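For reference, the structure discussed in these notes is given below.
The values are calculated or read from the model by the stated rules, or taken from the named source; none is laboratory data. From a predicted model like this one, the values you see are computed outputs, not experimental measurements. Because the Cβ atoms are built from the backbone with ideal geometry, glycine has one as well, and the counts that use them run over all protein chains shown.
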């Protein structure tokens, strides 16, 4: 007898090429079986709903109470049916212990982290105070970051750095070089934030290695990934060819409809779709992962491809093959969502609103084999 069975849902699992009506069973915290007529001690009727592997938001900020930009991990998980929230640099080596003890270990949602190379992470990001943590090279804590990453291999899946006119200022691209050294020393991938130049988009992606992630990849001008005529920059194409990953990281300033349309027309889709949810964009323009995924439906990306970019592709970026799949024996996570015929206006960070007749909405989750409520 299984512990929990989701019955009658449309199962979309790109990791296995599945898109069909079937049951999903869980036992012992793992995916146990997929098929028809499965029974369990607890059953949830998912008829008319979509069942996916547990959704992974690859770019969030959930160090609530420890940083000014943090949102509550469990509240956000319920808002978007996200079973794994990946915090991207809210904490650095100087305050990761607090993040682990006070947020990660208490959260019902799974929280993994990119550790910031800056000693205190993103410490001054608010509506009234804005100081880029990479502006002062004295804060680049390479030795400490290596030590903390090695001490927390169960949670720290990569290294984070932010560069750009706002994030690194006169330090320019130097923080990226420090972060690359830390990533090399730890054997971890790097996630890099880019904002307005300097440095340029090309300066940044030219330094990245296979498996590293460039987030905010569909940001607006200046430092867009494409030319005004829609041609994808040569440096971007070269980076993808050598295995650099491109992540959306919507946030408050990093998704433009103009850029997205040009990149879609060129056939350059992101590897992963993420929200970059934080305190200043959770009520717009990003809102959450559901809203960001819906924007890609509006761009013409098929639903199965949208799901792939928030499940198996994200799991590969994390080097966590146990996540992002409903393969029996995998971690027992699933997300239950509806694609509702409910018109919505989808805004970008520049204020352009695109109407769309449908929207994705959260209906439930399974985390570690246990049912969790979802919805706002």
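Based on this model, can you work out whether residue 267 counts as more than 28 Å from residue 67 (Cβ to Cβ), touching a helix residue (DSSP H, G or I) at 6+ places or on another chain (Cβ under 6 Å) and in a loop (DSSP other than H, G, I, E, B)? Against the criterion (more than 28 Å from residue 67 (Cβ to Cβ), touching a helix residue (DSSP H, G or I) at 6+ places or on another chain (Cβ under 6 Å) and in a loop (DSSP other than H, G, I, E, B)), residue 267 does not qualify.
Quick one: what pairs do we get from region 156-173, first residue more than 29 Å from residue 320 (Cβ to Cβ), second modelled with pLDDT of 95 or more and assigned to a strand (DSSP E or B), C-beta under 6 Å, 6+ apart or different chains? From residues that are more than 29 Å from residue 320 (Cβ to Cβ), the pairs are 173/163. The set of residues in region 17-68 being surrounded by fewer than 24 Cβ atoms within 10 Å (Cβ to Cβ) and under 30 Å from residue 97 (Cα atoms) consists of 28, 29, 30, 64, 65, 66, 68.
In the set 345, 324, only one residue is over 20 Å from residue 24 (Cα atoms) and outside the structural domain of residue 245 (by TED's automatic domain parsing); that residue is 345. Applying the criterion of at least 1 residues that are surrounded by fewer than 16 Cβ atoms within 10 Å (Cβ to Cβ), in the same structural domain as residue 95 (by TED's automatic domain parsing) and more than 21 Å from the chain's Cα centre (by Cα) to the helices (runs of 4 or more DSSP H) found wholly in region 123-236 leaves 142-151, 174-186. Test residue 252 against the stated conditions and say whether it is surrounded by fewer than 24 Cβ atoms within 10 Å (Cβ to Cβ), under 16 Å from the mean Cα position of the chain (by Cα) and on the phi < 0 side of the Ramachandran plot. Yes; evaluated as a whole, the condition is true for this residue.
Rundown of residues vs (1) surrounded by 15 or more Cβ atoms within 10 Å (Cβ to Cβ); (2) more than 18 Å from residue 273 (Cα to Cα), yes/no style:
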residue	(1), (2)
320	yes, no
324	yes, no
334	yes, no
343	no, yes
346	yes, no
351	no, yes
355	no, yes
359	yes, no
364	yes, yes
